[in-house]
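What follows is a set of notes on a single structure, which appears directly below.
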């Protein structure tokens with residue numbers, strides 16, 4: 001029985017997507033790579049963040065979440081900051097009807113030049129974590145869609 005892990009999302013099966021790995025025995029995070037080349041333009045007021053495709057989806061147990069974090073070197077070396085601070089991938093995002101659970105990283109470029117990301121380049125980390133439920137929690141909602149679909 002599968003507990004937690006990564007799979008290639010639908011539409012990316014033939015794109016040479018590498019499943020994430022931890023680089024060292026005590027690393028908390030799995031290194032996530034870009035699924036394709038892209039450019040992250042220098043930030044201008046009113047601009048939407050750049051979504052970097054990973055070609056991945058994640059499955060996990062009921063009391064777990066996948067946390068997407070920036071690489072520690074991205075802000076200083078490339079000027080890249082995650083637009084949402086951290087990304088939260090819920091268990092019920094996996095296999096959703098809109099995008100099969102494909103998760104992406106959302107970046108702003110606060111540097112002085114556009115940043116080119118190449119396919120296969122490490123862009124962030126993903127960490128599986130347990131979470132707790134508050135007393136009297138009665139959540140019954142069911143996810144209907146993909147990215148940004150909560151409460152719709």
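The values are calculated or read from the model by the stated rules, or taken from the named source; none is laboratory data. Only a predicted model underlies this, so the values are computations on that prediction, with no experimental measurement involved. Methodologically, a virtual Cβ is constructed for each residue, glycine included, from the backbone with ideal geometry; neighbour enumeration extends over all protein chains shown.
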Residues in region 102-128 that are within 18 Å of residue 84 (Cα to Cα) and part of a loop (DSSP other than H, G, I, E, B) total 3
Of 32, 40, 88, 110, the only residue that is over 17 Å from residue 129 (Cα atoms), in contact with a strand residue (DSSP E or B) (Cβ under 8 Å, 6 or more places away or on another chain) and either surrounded by 13 or more Cβ atoms within 10 Å (Cβ to Cβ) or at pLDDT below 95 (or both) is 40
### Query
Right, residue 66: at negative phi, touching a helix residue (DSSP H, G or I) at 6+ places or on another chain (Cβ under 6 Å) and either at pLDDT 95 or above or surrounded by 18 or more Cβ atoms within 10 Å (Cβ to Cβ) (or both) or not?
no
Going through region 30-66 in order, the residues found to be farther than 16 Å from residue 7 by Cα and under 14 Å from the mean Cα position of the chain (by Cα) are 49, 50, 51, 52
Residue 61 passes all but one of the listed conditions (1) touching a residue at least 12 places away in the same chain (Cβ under 8 Å); (2) surrounded by fewer than 14 Cβ atoms within 10 Å (Cβ to Cβ); (3) under 17 Å from residue 78 (Cα atoms); the exception is number (3)
